[in-house]
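Comments concern the structure below.
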2 protein chains.
Amino acid sequence: MQVSVDQIRTTSAAALIAHGAGDWQAAEVARAVARAEETGNVICGLYYLESYCLQLASGRVNGTVEPQVHAPRPGAVTADARLGFAQPAFARALPLALDAARANGIAALAVAHSHTCTSLGYFTEQIAAAGLIGIGVTNASAIVAGPGGRRPILGTNPIAITIPGDGDGPPAMHADFSTAAVALGKITMARAAGEAIPPGWAVDAEGRPTTDPAAALGGALVSAAGYKGWALGLMVEALAAGLTGSVNSLDVKGLKLADGPPHDLGQYYILIDPGAHGGALADRFATVARAVADDPGVRIPGAPRRRLDPVDVPDALWQLALALAVPQT
Amino acid sequence: MQVSVDQIRTTSAAALIAHGAGDWQAAEVARAVARAEETGNVICGLYYLESYCLQLASGRVNGTVEPQVHAPRPGAVTADARLGFAQPAFARALPLALDAARANGIAALAVAHSHTCTSLGYFTEQIAAAGLIGIGVTNASAIVAGPGGRRPILGTNPIAITIPGDGDGPPAMHADFSTAAVALGKITMARAAGEAIPPGWAVDAEGRPTTDPAAALGGALVSAAGYKGWALGLMVEALAAGLTGSVNSLDVKGLKLADGPPHDLGQYYILIDPGAHGGALADRFATVARAVADDPGVRIPGAPRRRLDPVDVPDALWQLALALAVPQT
């Protein structure tokens, strides 16, 4: 059914508050849910709301904790989410990280010990909206095997990249993708729909290629482009888990399970001032964009960003959101 | 034939000097040639020496220019190669960039207006040898089309990542790969050998998939993993050409052509202090490495780095190197 972005945001916030989140933490998470739906990212929007609520109720995520932000070095900002949601921690730390990047030319924002950030591009988009290049990575629960292997070792470990446009305009590029062959959500959605998955996405528990989503979930996804995606996924693990001191993907249980230990994931963002070295970013990227426009069928990822309002939400999903938003007694 | 790494280095330096390079610039480039051969990277070693020499002779690269290094921001170091080789510019700037990364937690080193850097991993390896995470990117001559397209827009735009190991030990991970489906050198080597290329690497001038290396060179390579490699390649273009103010891949002629305008390429390196945020990089990465070791057939890229000495160099290639090293009269 057709639902406005604002309805999605207010209903999501009410659902989170009904399950124990604080007002401002709920508002930050709800804004991310609404933004995902607004941009057509169905995996990272309302589809996650029920798990957030169940995890608030079970204590798997702390909805009221205050994140702690500090800058151990002039170009390094740390936001300890303290086992709470990622969005409030990022929101508290972003102004400091933007200032650090402008002063130093480049800065890093490490979000430690957080719940899944869900849509990583949601955060790099905010960095680019402030005029800086945003590159972000996060680890997840282990579901990706190395080339030739069968054991899940890495999460889908995505990378998001947003390159700012001119002034207040939309980004020049926005991309957000898993270093696995596919996002985990596509496997779980295929299983829910009773559909097969394409060859080349996953292996079963014996390491054999499979098109059965259930076998894939009992086995492992494979990396995008073999050793290239594997190397990128390992880099993501080093930055997101290693640098932040959060736990490895190996030690994170399924992100949507209601019960279990906190996610304790990390996100790592690099913020780059486009003018730090002089350079000519806007001019050079505009030249590339013109060449792309001259090659029919090719496009710059995420340019322009689509914006849906109202959003067409599956009936059952919206009814569930409304039910979750009823205050509990 | 079997040639020692030291013979490769001294012969390469002599060849560069014989064609007009300065002594210290030649020594820096020769060190990179020898390192490529030592690590089994046959595309970036002696295979490039003849083109360096011909380009020195034609003026396509300036072998005697002094690079200019400055730090416009506390975390941003710029090395203007002034249309000379990349290796001397990097060497002059590296100490400043390492200091900046340690002080700020993260720093960027932008090499502007340089000749092809050839092996990008050669540089990130040096960053990791100093105990920092090194991530590097560079643009190249346009040979990669966007998904569904036919027009070469990006270079093979590689990414190199080196994660330091403990103390003076080898890196914990070292990867260096094209964001295209394949490195250009594999196409040119297939053409030279009269061999077909695998499906999925390239399209012809009409945008149709091809296994003919000549048709691929007249058409375009495709990106690794479709839109993922395309997005990464665009990011590389923004960082390497845009931030440094070097020219776009679109405006760079074939890197091995003897004549033509200077390459005027950029490289962009991110240096990260593993301890900047506290964290636990060594511990977390060791856990991942143990899981990899428990899954037969899987490995961490570049760990351990192989080291060949002597190196088995094709006879004709070594004879050419010796001929190039004869002082010209």
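The values are calculated or read from the model by the stated rules, or taken from the named source; none is laboratory data. Since this is a predicted model, take the numbers as computed values, not measurements. Glycine gets a Cβ as well: all are built from the backbone with ideal geometry, and neighbour counts include every protein chain shown. Heads up: the accessible areas ignore ligands, DNA and RNA and are worked out on the full protein's heavy atoms, side chains in. Shrake-Rupley method; radii C 1.70, N 1.55, O 1.52, S 1.80 Å.
Can you bin the stretch A:239-329 into rounded, prolate or oblate? Criterion: square roots of the alpha carbon gyration tensor eigenvalues sorted a ≥ b ≥ c, rounded for a/c under 1.5, prolate for a/b above b/c, oblate for the rest. Since a/c reaches 1.5 but b/c is at least a/b, the shape of the stretch A:239-329 is classed as oblate. Residues A:Val77, B:Val222 ordered from highest to lowest accessible area at a 1.4 Å probe: B:Val222, A:Val77. The alpha carbon centroids of the stretch A:274-324 and the stretch A:1-75 are separated by 22 Å.
For the stretch B:171-319, the dipole from Cβ point charges (+1 on Lys and Arg, -1 on Asp and Glu) about the Cα centre works out to 280 debye, to the nearest 20. Across the stretch A:156-174, the residues whose backbone nitrogen lies under 18 Å from the label position 7 Å along the beta-carbon direction of A:Ala286 are A:163-173.
Roughly to the nearest percent, how much of the accessible area of the protein assembly as shown is carbon and sulfur, given a 1.4 Å probe?
Solvent-exposed carbon and sulfur of the protein assembly as shown make up 54 percent of the total.
If you run the Gaussian network model on chain A, springs between alpha carbon atoms under 10 Å, then out of A:Gly279, A:Gly20, A:Gly185 the most flexible one is A:Gly279.
Placing a pseudo-label 7 Å from each Cα along the Cα-to-Cβ vector at A:Asp6 and A:Ala293 gives an inter-label distance of 3.4 nm.
Charged neighbours of A:Arg73, selected by a Cβ distance under 9 Å, balance to 0 (K, R count +1; D, E count -1). Each of A:His115, A:Gly167, A:Ala57 was placed along the dipole of chain A (beta-carbon charges, centred on the mean Cα), and the one lying farthest toward the positive end is A:His115. Summary value for chain B: 24 percent relative contact order, contacts being C-alpha pairs under 8 angstrom separated by 6+ residues. Principal semi-axes of the equivalent ellipsoid, √(5λ) from the alpha carbon gyration tensor of the stretch A:23-71, are 21, 16, 9 Å from largest down.
Taking every DSSP beta bridge that has both ends in the protein assembly as shown, the antiparallel portion is near 85%.
Where nothing but the Cβ of Lys and Arg (+1) and of Asp and Glu (-1) is charged, how large is the charge dipole of chain B around its Cα centre, in debye to the nearest 20?
Using Cβ point charges on Lys, Arg, Asp and Glu, chain B gives about 500 debye.
Inter-part distance, the stretch B:242-258 to the stretch A:142-201, computed on C-alpha centroids, equals 31 Å. Result for chain B in a Gaussian network model with C-alpha springs under 10 Å: among B:Asp295, B:Asp259, B:Asp166, the largest mean-square fluctuation is at B:Asp295.
Shown are B:Leu221, A:Leu257, whose ranking by accessible area with a 1.4 Å probe and every protein chain present, most to least, is A:Leu257, B:Leu221. Taking the square roots of five times each eigenvalue of the Cα gyration tensor of the stretch B:161-215, the equivalent ellipsoid has semi-axes of 34, 12, 7 Å, listed largest first. Largest accessible area first, the residues A:Trp230, A:Trp201 order themselves as A:Trp201, A:Trp230 under a 1.4 Å probe with ligands, DNA and RNA left out. Solvent exposure of the stretch A:213-329, expressed per residue, is 40 Å² of accessible area, with all protein chains present and a 1.4 angstrom probe. Residues in the stretch B:299-311 carry Karplus couplings, in order, of 8, 7, x, x, 10, x, 5, 7, 9, 9, 6, x, 9 Hz; the curve used is 6.51 cos²θ - 1.76 cosθ + 1.60 with θ = phi - 60°, and Gly or Pro positions show x.
For a paramagnetic label modelled on A:Met189 (point 7 Å from Cα along Cα→Cβ), amide N atoms under 16 Å away are absent within the stretch B:210-246. Along the axis of the charge dipole computed for the stretch B:139-243 (Cβ charges of +1 for Lys and Arg, -1 for Asp and Glu, origin at the Cα centre), the listed residues B:Ala190, B:Pro213, B:Asn139 are led at the positive end by B:Pro213.
Estimated from the Cβ-Cβ distance and a Förster radius of 41 angstrom, the FRET efficiency linking B:Arg82 and A:Ala129 is about 0.70. In this Cβ point-charge picture (+1 for Lys and Arg, -1 for Asp and Glu), the protein assembly as shown has a dipole of about 120 debye about its Cα centre.
Each copy carries a label point for A:Met189 at 7 Å from Cα toward Cβ; from one copy, the others' points are 4.0 nm away, ordered from shortest. Shape verdict for chain B, please, from the Cα gyration tensor: rounded (a/c under 1.5), prolate (a/b greater than b/c) or oblate. Rounded, since a/c falls under 1.5. The slack in the chain from A:Ala57 to A:Asp212, taken as 0.36 nm per residue of separation less the alpha-carbon distance, amounts to 52.5 nm. Which of B:Ile143, B:Ile159, B:Ile187 moves the most in a Gaussian network model of chain B with Cα springs under 10 Å? The residue that fluctuates most here is B:Ile187.
Positive contributions from Lys and Arg (+1) and negative ones from Asp and Glu (-1), summed over other residues with Cβ under 13 Å from the Cβ of B:Glu195, come out at +1. Chains B and A together bury roughly 6000 Å² of accessible surface, counting both sides and using a 1.4 Å probe on protein heavy atoms. Between B:Ile43 and B:Ala205, take the C-beta separation as r, use R0 = 22 Å, and let me know the FRET efficiency to the nearest 0.05. Between B:Ile43 and B:Ala205 the formula returns 0.35.
Summing +1 for each Lys or Arg and -1 for each Asp or Glu among the other residues whose beta-carbon sits under 13 angstrom from that of B:Val137 gives -2. Here's the picture: charge each Lys and Arg Cβ at +1 and each Asp and Glu Cβ at -1 in the stretch B:1-105, and of B:Ala71, B:Ala86, B:Ala32 the one pushed furthest to the positive end of that dipole is B:Ala71.
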